[in-house]
Amino acid sequence: MTQFIFKRLLSGLITIWFIATATFVAMHVVPGDPLANAKAMKPEIRKNLEARYGLDKPITQQYVIYIGNMLQGDFGISFTQKNRRVNDIIREHFPISAVLGVLALLIAAIGGIVWGAITAVYRDRWPDSVIMFLVVVSVSVPSFVFAMLGQLGILNLNQWWGSSLLPVAGWGTFQHMLMPALVLGLGTMAYLTRLMRSSMLEVTSADYIRTARAKGLSPLRIFFKHQLRNAILPVVTVLGPAIAAITTGGFVVELVFAIPGLGRYFVQAVQQLDYTVIMGTTVFYGAFLVLMVLVVDILYGFIDPRIRVGKSGA
Amino acid sequence: MKIAQVLSVLLMVWLLSACEPAKVQGVDYDKRSISIALTQEPPDLNTTSSTDSVSFMVLTHVMEGLLSYDRDNNLVGGVAERWELREDGATFWLREDARWSNGKPVTAHDFVFAWRKVVDPANASEYAFILYPITNAQAINEGELPLSELGVRAIDDHTLEVDLFQPCPYFLGLTAFGVLNPVNQEFYESRGERYAADVEDLLYNGPFKLTSWIHGASLRMDKNPEYWDRDNVWLEIIDAPYITEDSNARLNLYRDGMIAMANGMNEQALLGAMQERMQIKTFMDGAIFFIEFNQRDERATRSKYLRKAIQTVLNTEDLVYKVIGNPGSFPARTIFPRWMKGVDDDFVREFPPERVPVDLDLGRKYIELAKQELGVEQLPPITLLADDSQGGSKVSEYLQAVMKQRLGLDVRVDAQIFKQRLAKMTSGDFDMVISGWGPDYNDLLTYGDLFYSKNLNNRGRYASEEYDHWVAVAQRSLQREERAQAFAQMQRLIVEDAVIVPLYERGVVYVQNPRLHGVVRRPIGGDPNFRFARIAAPEATP
């Protein structure tokens, strides 16, 4: 087990280094000028700025400096927020995205498993059709539409009630998180529902289910003990990437609900070619994704003893 | 994407039709407090390096320069009590009761320190050029002279002396600009790299001070008890508990009674607000938009006749009223906005710009002349550089269609993201570009010198000795009539040489709590401004 984790950590580090290098190259190849502003700059002012950000040095040297700083855990100072360190931006804003992401994932996972199981049990009957229709809608409608509709929904609810039941936007209390988390988790929930449905159906026709039925086990016991537990595996597999996708993909939701998460910085940095923030957030998210995949791989063993790592003995 | 947007608008209209008229709050009469939403986290509250409008909006409340603006946008004393502007310099006498939020007096030394910082090459301020009228400022910024050579001295704690290397008629206006605000040296140095990074990393000398700032989330300003004119500040709290770029979200917050003003509404939000019969307000933010022609040698648009042809067939009224459809924007006929002052009245009233009537026959005649001038049988396709936003493509597609229809001109729209458009503008990779300009200081020169041959913002490289002459007159003269005449000549040349085709002056559309009064909107130096704001008492419930 330890050896496995060590190996995976090493390959993870290589992945992160690769991400960092690829981002560095891509960022410098992309057309546009990070220092350009609406107003033209006198050459001497530009020179001062380049010196300040180290852009006056040759590109290879910039790369070496950047990798060196990264190894010491220093992502530098933002180009647009001139007195904020990228480390501070990540430290202050990632927890917010993470809390929102975890809540969204919780909603998505529970919803996905429940809806998926229901559709499988009621296969080809009306609950199946209704849920699958909603799933198709949730997968195909972009999240900004749901975000806007969700916000309008709260607004109408508040006006109908006469006082603010739920906040329309902002951040701070649990009430603030409900609607954004729901909106954010909706797409994943739909995806998980589909996944859960097909994997449940696969399991239903498996031999051991027939055996269990033949043994005379109660349907409820078969459902929970044999069907659900086996069907849930593929769902767990996608949870790792899903949590990374949810915490990084919250940009639109964060914008609409005025949430100070990291997603906003991530996207704005790309638009504004804020080199240090692009590098910092991309590498950070990359590392986060690598870590999540690793966690899922380890979790796997607990759910399905057959694939417990390191013990295979093969 | 398109379909989803149309769908969402339809859904929104349907949902809104079920709405009650909005209750509007965001103000608290008893606490003398208002709530607003910011579009963005202020990126840089260090006045010596700040460049963006959100930072300046905050700074105009928490800082004060030598001069400042009253509620009618006239220059009045700020930290300075009296002043004198001469051809070769200026003197400012500072009031004794101007204080920092830590109780220490604001002195002339604070200005000397701040202005040196602005031109310090190590500080890399993008606005350093604005101090170039001061003796040696440019040489210092280029690293040729030490900071101590800057032509600004503290005679004593309360007298500031400025040397100007050439007359600068708009210098007083500059001293009200955030970049020229004072900075306390002792405090600045005690904070090091953290200066202005957080609430406690900044000293305040304005009517308000920052009391809370959660990055990306919220910001709060409270009345500054040390401010010398505190008795004339009614408001106690300006709270900004929301930061979002999404104008629909801001309107929803306004509808829900959480904020007192929903600023900068886009088309969708405007539609929603009109549905509910909200009172829509508009204000000109100073930005003016135009087609700029590339006059570099290899470009077809170097032909004056080709430019005149385009100028002659474009109807700006159609563009503004039918295509853009933003109730705050106005068709532009010149580079000077309609609210700028001339001698005694608005400049465009005193010197109305020449109107170019739409004349399709004349336009086609110009096209023939352009072919002769360029020595070609057929005009090559013309590139129109534009931004890739939704509103931007509407305008560029309209222009493309009009030029094709009326002149038979092939126009290729080159839509680019902001930074790439800038890069192409700078390198001259365009024939025409839809360009915009916002003012840096309250003087016609901030627009007029745009087409000065050596101005780096003159991306089309228009070069006219006559134009340069009038810019020089406006730069040096302290006579108002003489300067106004010079600007009128620039305006004439812009039409005559078809340097640009003015399109529109941008208006910002917003809604505001009707009980909130005295909010000053202005294109220069921090907007909106709540310094003079008051809340009307709630009506007694019967």
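The values are calculated or read from the model by the stated rules, or taken from the named source; none is laboratory data. Quick caveat, the model's predicted, so the values are computed rather than measured. Because the Cβ atoms are built from the backbone with ideal geometry, glycine has one as well, and the counts that use them run over all protein chains shown.
Structure notes:
- Listed by position, the helices (runs of 4 or more DSSP H) inside segment A:1-109 whose residues that are in contact (Cβ under 8 Å) with a residue 24 or more places away in the chain number at least 2 are A:2-29, A:59-71.
- Restricting segment A:154-171 to residues that are surrounded by 13 or more Cβ atoms within 10 Å (Cβ to Cβ) and assigned to a loop (DSSP other than H, G, I, E, B) leaves a set whose member that is farthest from the other protein chains (Cβ to nearest Cβ) is A:LEU166.
- B:GLN185 meets all of the listed conditions (1) in contact (Cβ under 8 Å) with a residue 40 or more places away in the chain; (2) within 19 Å of B:HIS61 (Cβ to Cβ); (3) more than 8 Å from every other protein chain (Cβ to nearest Cβ) but one, namely (2).
- Of residues in segment A:187-242 being of a type in the set (Lys, Arg) and at pLDDT 85 or above, the one nearest to the chain's Cα centre (by Cα): A:ARG194
- Test: residue in segment B:201-216 that is free of Cβ contacts under 8 Å to residues at least 60 places away in the same chain, buried (at least 19 other Cβ atoms within 10 Å of the Cβ) and assigned by TED's automatic domain parsing to the domain that holds B:SER68: yes
- Among the residues of segment B:433-446, not a single one is more than 22 Å from the chain's Cα centre (by Cα), part of a helix (DSSP H, G or I) and away from chain A (no Cβ under 14 Å).
- Test: residue in segment B:498-515 that is closer than 30 Å to B:ASP30 by Cβ and hydroxyl-bearing (Ser, Thr, Tyr): yes
- Segment B:231-270, subset of a type in the set (D, E, K, R) and outside any strand (DSSP E or B), residue farthest from the other protein chains (Cβ to nearest Cβ): B:ASP231
- Residues (of a type in the set (A, V, I, L, M, F, W, C) and not in a helix (DSSP H, G or I)) located in segment B:132-152: B:ILE134, B:LEU145, B:LEU150, B:VAL152
Results for (1) under 21 Å from B:GLN295 (Cα atoms); (2) assigned by TED's automatic domain parsing to the domain that holds B:THR312; (3) surrounded by 15 or more Cβ atoms within 10 Å (Cβ to Cβ), shown as yes or no for each residue.
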{"residue": "B:TYR366", "(1), (2), (3)": "yes, yes, yes"}
{"residue": "B:GLN400", "(1), (2), (3)": "yes, yes, yes"}
{"residue": "B:GLN405", "(1), (2), (3)": "no, yes, no"}
{"residue": "B:ILE417", "(1), (2), (3)": "no, yes, yes"}
{"residue": "B:LYS424", "(1), (2), (3)": "yes, yes, yes"}
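- Of the residues examined, B:MET221 is one that is hydrophobic (A, V, I, L, M, F, W, C), closer than 18 Å to B:PHE56 by Cα and more than 11 Å from chain A (Cβ to nearest Cβ).
- Spans of helices (runs of 4 or more DSSP H) in segment A:221-296 with at least 2 residues in contact with a His (Cβ under 8 Å, 6 or more places away or on another chain): A:262-272
- Verdict on B:VAL509 being within 27 Å of B:ALA300 (Cα to Cα), buried (at least 17 other Cβ atoms within 10 Å of the Cβ) and either away from chain A (no Cβ under 14 Å) or of a type outside the set (Gly, Ala, Ser) (or both): no
- Lone qualifier among B:ASP120, B:ASP157 - being within 23 Å of A:LYS82 (Cα to Cα), surrounded by fewer than 21 Cβ atoms within 10 Å (Cβ to Cβ) and among the charged types (D, E, K, R): B:ASP120
- Restricting segment B:20-43 to residues that are among the acidic types (Asp, Glu) and modelled with pLDDT under 90, the residue that is nearest to the chain's Cα centre (by Cα): B:GLU41
- Some residue of segment A:199-220 being within 14 Å of another protein chain (Cβ to nearest Cβ), touching a residue at least 60 places away in the same chain (Cβ under 8 Å) and aliphatic (A, V, I, L, M): no
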